[in-house]
Amino acid sequence: MNKRSYRSMPPDDTVGRRDFLKAGGAIGAGLIMTGRSLVAAQQTQGQQPPAKPAGPPPKPKTNIDEALKIPRTKWSLPGPFPGRVVEVHDPAAMPEGKVDAAVVKAMFEKGIRELTGKSLEKSFGLFFTKKDVVGLKVNPVGPGLISTRLEVVDAVIDWLTAGGLPRKNIVIWDRFDYMLKDAGFTAERYPGIGLEGLQTMDEAAAEGKTEDNSKWLKADGTHVSVPNFDPKVFYWADVEGPKDLPYLNQHVFNGKHSYFGKLLTEKLTKIVNLPVFKNTGNAISMATKNIGYGAVCNTNRLHAPLFLDVCVEVPAFWPVRDKMVLNVTDGLRSQYDGGPDKNAKFAYIDNRLYFASDPFALDMVCHNRIVAKRKEMGVAVNENPRFTEYLRYAERLGLGIADPAKIAHVRV
Amino acid sequence: MCGSDRPRRERGSGRIAVLSALAAFLVFAIAAASAAACGPPVARQTVPGTPAIPAATFAPGWAMAGALRTFTGQDLFNQIDGGAELFLEFGFANLRLQAYARDKAELTLGVYEMESAASALGVYLMKMGRETPFPEIAARNSGEEAQITIVKGRYFVQVDNLGDVPASKAEAAALANAFLAGVAAEDGPTPLDALPAEGKVPGSERLIRGPYGLQPYFTFGEGDILQLRGKIFGALANYRRPDGAAFYRLIVPYPDAAASAAALAHLKANLDAYIKVTADRPDGFDFIDFQSKKGSVARSGAVLDIRFNVGD
C-alpha cells in the first residue's frame, strides 16, 4: 500500500500561491478566519467587540443565497434526528492496532439502533429505499494510519445490502481516484461495489517529474476531468483560483466556480458520510469538512478566505443537503494534532464510532472531544469561539444544531 | 506574572530579564535578517553538498520501492495539502520522499530541507509532540513505532513505518541514521535563546514565524497580526509562577525598534474582537480574553514581550 499524504485542500489566497509565498504568509493560512464567521460569532456570543480603526478585508461574497432558495425535501439536513449524536465505544474494537471487524459491525448496529430507536433492519427505511443509489464518502487521507477503516465501510455495506439495496447501487467515492486505491478501496476488495473519484490528477506532472501534461490537459486547455463536474450546479465565491498548471491539474477549474461532481448531482440519490476523527490545525477535519471540501472542485482558492464557512455553505446546496442522510465518524483510531495529514505522534486508538444524521451537531460533539483530548495530552488548544462559529452559522441556516444545550449526546 | 496582584512591577523586571536573555540572541537575529535579504533560501545554504538519500543497503533484505519523489517550494501543496502551511511559514526549500520495502514491510523516508536550522527546529517542535527520543537515532528525535520525527541541521526528517507488517525499530533507526550520517550539525544560538529561563516549563518551547504557528496558542487578530512577515522568529513557552499558575510567554525580537513599534501599532489597531483592553500604554497594553484570562503586551526597544492565558 502506497502511503501518500493529503492533497485535496491546499491553502490559497486571492493572489495565488506564489504571491502568498512572496508575502511570507502575511495573508494568512486557512484557519485565520475573517468576516462572516466572526461577525456572526459576536452576535451569537452576545459580546460587543471594541470598534476597530482598521480591520481585515470583508469576506468574499458567495452564492449561498441561491442554495437557500431551493425548497427543502423530507430528506434535507439535519435529517430525521437533529441534534442527536450517538457515541459508541468498545475497547475491543482495535486489539493491538488491528481492527476486529466483528466488533466494529456490532458497534455499528448499536450506533444505528441508538440513533434511530429501531433495529438495523427497520432503520433502513428511515434513510433509504431499495431503489436508491447510495454514495459512501470516505476519507482516504493518511492511509495506513488515519483514513476511513475498511471495516467501517463493510458494516455500512452489509446494512445496505441486508436492507435490499443491490451492491451495484452502492458507490464508494472521494475527490481523487488514486487516493481511494491507496487507502485500500479497490475493486478486488469491494466486488460489485462502485468506486469513483470525482477527478483524476497526473501525479508525475504534479511532482514536476515531467513537463508532459497530456495525461490530464486536453488540447483545448481544459482538464480531462471537466466532464465529471456539473456546470449547472456550483458553489460560487468571489475568489479567483491561481492560473498555473499545477493548480489546474489538481483542481480541474481555476475560476470563481466550484462545481459539484456529477456523481452527486446526477447519479447518487443518498449519501452516507464516513469521515475520520482528526484535527486540521486548531479546528477539526471531520464530518462537515469531509463533505464540504469533498463534493466540489477548485477548493484551494477557498481555503484562506472562507475556510470553515465552506463546511457549511457547500453542504447547504441540494446535492448534499437533500441527499446526505447519515454520518458516521470513524474514531477507531483518532488524531488530535498534526492533521489533516497523518501524524503518528498524535494518533491514538480510541475505539469509538459516532453516529448522526445532523453533521453539525456531530462536529460540535467531536470538536469538544478533541479539545479535551488536546488538553489531556498537553497540546496547546485555542478555544476562541471563532473555531466553532461555522457550526453556529449552520444552525442559523437551519442545517443542523450547534448549541450544546440542544444537542443530545448519547454514549453507549 | 501578570496577575492582578502585582502586574506592573513584574512586567518591568520581566523586560529587564528579557533584554538580558536577548543579548546572545541578537547575534542570531541580525544574522538571520541579513541572510534573508541576500537571496533565495537555497542560495543561503552553507552546508557543503546535499545529503544523499540512502541506498537500500541500510539493513538486509530491503529494496527501493518506487522512484525518489521531490517537491520544491510551493509544490509542497501537491504532497501535503492542508499540512503544507506550517512548512512554508517556517521557510521550506524542498522535500525528498523515498519508499523502501521488504516483503510486506515498508519504510518511507521524508527529508524536508528548510531555509535554516532554526526553520527545521521550528517545524520539529511543532511536530514532536511529547518528546520520546529513540536513543539509537543519531540526532534529536521523537519516536513512535509508526513514525520517527527527527531534526538535524536544516533538515526535518520523518521515517514512516506504516506497511502492512511493521518494520523493526532497528531497521527504521538504521534508515534514519544512514541519512543523518551525511548531514552536518549546525550548532549555535537559536531563537529559543530569547526565552528567559526562570519559570519556563521544560519541553514547552516553540517557535512562531507566522499566523499558522500561532493559531493553536492564541488569537490576537487576523492574518499576520504580529507582523512577523515570514522572516522573524518569535519564541514561545509555557511558564509557571511560584504559586503554580501557568501562562504563555511569547518573545518577539524585531530587527529594530521601529519594526517593533510598527508591529505594536498594528496589533493595537487590529486586535481580536474577543480581546478587551484593560490598560493602554504607549509601549503596550493589558487585556482580558473571552475566557477572562489576562494578558499583556510590552514593548522594549526592538522586542515585544507578550503574555497570555494568565490565570489568577
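Quick look at the numbers
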read-out: Average other protein chain Cβ within 10 Å of Cβ, residues B:265-273; value: 4
read-out: Amide H partners (placed H, <5 Å) of residue B:210, local residues excluded; value: none
read-out: Sequence-separation-based contact order of region A:308-392, relative, with Cα cut under 8 Å and 6+ spacing, percent; value: 28
read-out: Mean Cβ count within 10 Å, highest first, over the residues of peptides B:156-163, A:123-130; value: B:156-163, A:123-130
read-out: Top positive-direction residue, dipole computed over chain A with Cβ charges, set A:76, A:152, A:237; value: A:76
read-out: Percentage relative contact order, region A:89-193, counting C-alpha pairs under 8 Å, at least six apart; value: 27
read-out: Long-range amide H partners of residue B:65 with built H, under 5 Å; value: B:99, B:100, B:101
read-out: Averaged over A:378-389, number of beta-carbon atoms from partner chains that fall within 10 Å; value: 5
read-out: Length-normalised contact order of region A:171-282 in % [C-alpha pairs under 8 Å, at least 6 apart]; value: 21
read-out: Modelled FRET efficiency - R0 22 Å, residue B:55 with residue B:145, Cβ distances, 0.05 increments; value: 0.35
read-out: Sequence-distant residues sharing a close amide H with residue A:59 (under 5 Å, placed H); value: A:35, A:36
read-out: Sequence ranges B:168-180, B:274-286, ranked by mean other-Cβ count within 10 angstrom, highest first; value: B:168-180, B:274-286
read-out: Shielding by partners, peptide B:206-213 (average Cβ within 10 angstrom, other chains); value: 4
read-out: Dipole magnitude (debye, nearest 20) for region B:228-312, charges at Cβ of Lys, Arg, Asp, Glu; value: 160
read-out: Table column - 3J(HN,Hα) (Hz), region A:388-401, Karplus curve with 6.51, -1.76, 1.60, x for Gly and Pro; value: 10, 4, 4, 6, 5, 4, 4, 5, 5, 7, x, 8, x, 10
read-out: Added length on full extension, which subtracts the Cα-Cα distance from 0.36 nm per residue, residue A:102 to residue A:396; value: 101.8 nm
read-out: J(HN,Hα) series, region B:298-309, from Karplus relation 6.51 cos²θ - 1.76 cosθ + 1.60, nearest Hz, glycine and proline x; value: 10, 9, 9, x, 8, 10, 9, 10, 10, 10, 8, 6
read-out: Derived scalar couplings ³J(HN,Hα) [region B:170-178; Karplus, 6.51 cos²θ - 1.76 cosθ + 1.60; whole Hz; x for Gly, Pro]; value: 5, 5, 4, 5, 5, 5, 4, 5, 4
read-out: Candidate lysines - alpha carbon under 19 Å from residue A:168, same-chain residues fewer than 8 apart omitted; value: A:130, A:131, A:137, A:181, A:262, A:267, A:270, A:323
read-out: Partner aspartates and glutamates for residue A:61 [C-alpha distance under 17 Å; skip if fewer than 8 residues away on the same chain]; value: A:12, A:13, A:238, A:240, A:309, A:313
read-out: Spatially proximal aspartates and glutamates relative to residue A:118 (Cα-Cα < 16 Å; intrachain offsets below 8 disregarded); value: A:109
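Read the figures in this text as sums done on the coordinates, not as results from a lab. Predicted, not measured: the structure shown is a model, and the values here were computed from it. For neighbour counting, all protein chains shown are included, and Cβ atoms are generated from backbone atoms with ideal geometry for every residue, glycine included.
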